[in-house]
Amino acid sequence: MSHGSRGVELGTRLAGIRAILMAHWEAGRTLPSAVVGSEREVLVREFLSQVFPTPYRFGTGAVVDGFGASSGQVDIVVEFPFLPSFPAPGTPDRLYLVESVALVIEVKSDIAKQWDQVRKTTAGVKLLKRVWHGHEAIGPSGAKEAVASSLSRTPVLAVGYRGPSDENDICRRLAETPGTDRPDGVLVIDSCAYSGCELNPSSVAARGAAGLLSFANDVAWLARNVQWAAPDTSTYLERL
């Protein structure tokens, strides 16, 4: 099989995934708003859980830090395997300690019309402080780097079923948004336009199959960039 035919095969598969996601969303558009919101979250979680291998875990709920701050409800949490998370009886919602959250994904029906909601959620997540005694990360060159004790934030990606059809339009919107409430990347499923994530040195802005692949690559990079960490949970214990 030639390199060209393999590229066509990957593009066709990604286009098929995009079509399935849009078909599910279109089918649920006439449902009550609360149901539609839940369905959007489930669809993206199922997409991610089907695309990514077993070590990745995706959930929904709220994130807290050891200083008393909370994100409020967020659509999707991608976990590091560093700390436990705590379920709520009878619901899929979990309470996450921020030190074990690799990234948050906010899901909207129309990213342009609901941009203020994206900004509000992003601002809440960015306020949270991850405290690690130390960790090991992948540096810009791809080599592992040991990092001493650190205070960091959790990345946020936003996904809209509809929105700008050009990745450059998304990039401009991000550039016009203050850093305190600006997500780190945005994907529009309808066009598969993706802005790219500045946290990942190899991330690219693209559309179509390339945009969907770039988004998936960034989710994977953010989830595996930290290879190991020793969370500092003393601040949680002090508040109990």
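Just so it is clear, none of the values below were taken in a lab; they were calculated from the coordinates. None of the values given here were measured: they were computed from a predicted structure. For neighbour counting, all protein chains shown are included, and Cβ atoms are generated from backbone atoms with ideal geometry for every residue, glycine included.
For a quick check of your reading: which strands (runs of 3 or more DSSP E) sit entirely within the stretch 33-151 and have at least 2 residues that are farther than 25 Å from residue 22 by Cα and among the small types (Gly, Ala, Ser)?
Qualifying strands (runs of 3 or more DSSP E): 70-79, 130-138.
From the list 129, 108, exactly one residue is in contact (Cβ under 8 Å) with a residue 40 or more places away in the chain, among the basic types (Lys, Arg) and surrounded by 23 or more Cβ atoms within 10 Å (Cβ to Cβ). Which is it?
Residue meeting the stated conditions: 108.
Among the residues of the stretch 88-99, are any exposed (fewer than 13 other Cβ atoms within 10 Å of the Cβ) and either aliphatic (A, V, I, L, M) or in contact (Cβ under 8 Å) with a residue 24 or more places away in the chain (or both)?
Looking through the stretch 88-99, at least one residue is exposed (fewer than 13 other Cβ atoms within 10 Å of the Cβ) and either aliphatic (A, V, I, L, M) or in contact (Cβ under 8 Å) with a residue 24 or more places away in the chain (or both).
If you check every pair at least six apart or on different chains, which have Cβ atoms under 6 Å apart with a residue in the stretch 199-227 that is of a type in the set (Ser, Thr, Tyr) first and a residue that is surrounded by fewer than 18 Cβ atoms within 10 Å (Cβ to Cβ) second?
From the stretch 199-227, the pairs are 214/204.
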